[in-house]
Each structure stands twice: as structure tokens, then as C-alpha cells.
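Everything on this sheet refers to the single structure shown next.
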Amino acid sequence: MTAPYSMDLRERALARNAAGETNREIAAALMISPSCVSKWTKRKRETGSLAPAQIGGYKPRTLAGDCAEWLRERVASGPVTLRGLTAELAERGIKTQPRAVWVFLHAEGLSFKKNPVSRGTGAP
């Protein structure tokens with residue numbers, strides 16, 4: 001992911017804007033796009049700050065709280081599969097994907113390993 005432009009550059013662009021230069025002139029002088037200048041001007045006007053907004057977001061996990069407690073109990077009760085757990089969660093009204101269930105189980109250190117198939121010596 002790219003980093004936001006520095007505060008110094010933002011401040012210089014707005015100082016030039018306040019001095020009466022056009023967005024295109026500022027952009028050419030500072031080697032940025034004209035839309036940056038207009039967006040920074042709008043941001044300063046609306047929020048009073050030039051600081052960049054958060055890049056990326058945080059989405060809370062679906063499998064948390066009561067749902068997480070239910071999953072822990074369900075895994076402890078016996079053999080499960082990711083698809084089976086996903087289906088059981090859907091029956092409880094929680095829409096999720098097998099990958100999300102796997103991430104939860106992995107983070108909790110919960111898993112069920114299949115017993116290896118016993119192999120013979122190979123000789124008839």
C-alpha cells in the first residue's frame with residue numbers, strides 16, 4: 001500500500017492556493033495531481049485538518065462474543081468440519097464463510113486432525 005503525502009507538502013500546496021495560484025499551477029510546481037490540491041483544500045475546509053484519513057479499515061470479526069463461545073463449545077463436543085460449522089452457524093443466523101471459521105479456529109488453537117490411515121507394509 002502506498003503512503004500518504006507528507007504534511008509538509010500538503011501545507012505548501014495550501015499556502016500556494018491561499019496565495020492565489022490555480023490547482024494546476026500548484027500541481028505542476030509540486031509534481032502532484034491537480035485533484036490532490038482540490039481534495040486537500042476541501043478537506044481543510046470541511047475538517048479543519050490536513051492530516052490524511054486512515055488508510056485501510058478495521059472490520060470487526062463476525063465470529064466473536066456469544067458466537068465465539070458457541071464455536072468453542074461446539075468444537076469441544078466432537079468432530080467437526082469447516083463446512084459443517086459454517087452450515088450450523090447459518091442455521092443460527094450467522095452468515096460466514098469456511099475461511100472465516102478456519103481463521104477463528106486457527107487463532108484459538110482449535111483443530112481436529114484426522115487420524116492417519118494405517119498403511120500396511122505394502123507386501124501382499
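Each value in this text was obtained by applying a stated rule to the coordinates, not by laboratory testing. What you see is a predicted model; the values in this text were computed from it and never measured. In this analysis, Cβ positions are derived from the backbone assuming ideal geometry, glycine residues included, and neighbour counts consider all displayed protein chains.
A few remarks follow.
- Modelled spin labels at residue 39 and residue 12, positioned 7 Å past Cα toward Cβ, are 1.9 nm from each other.
- Average projected area [Cα convex hull, the stretch 66-108], square nanometres: 2.7 nm²
- Only helices enter this figure: runs of n ≥ 4 DSSP H residues, each worth -39500 (n - 2.57), summed and divided by the residues of the chain, yield -16500 deg cm²/dmol at 222 nm to the nearest 500.
- Charged side chains reduced to their Cβ positions (Lys and Arg at +1, Asp and Glu at -1) give the chain a dipole of some 260 debye around its Cα centre.
- Karplus-derived 3J(HN,Hα), 6.51/-1.76/1.60, for each residue of the stretch 8-22, Hz, glycine and proline x: 4, 5, 4, 5, 5, 5, 6, 5, 5, 5, 5, 7, x, 6, 7
- The stretch 1-56 - convex hull of the alpha-carbon atoms, volume per residue in Å³: 79 Å³
- Rough spin-label spacing in nm, given labels placed 7 Å along Cα→Cβ, for residue 73 and residue 102: 2.7 nm
- Unit Cα scatterers, Debye sum, the chain: log10 I(q)/I(0) for q = 0.16, 0.17, 0.20 Å⁻¹: -0.78, -0.83, -1.05
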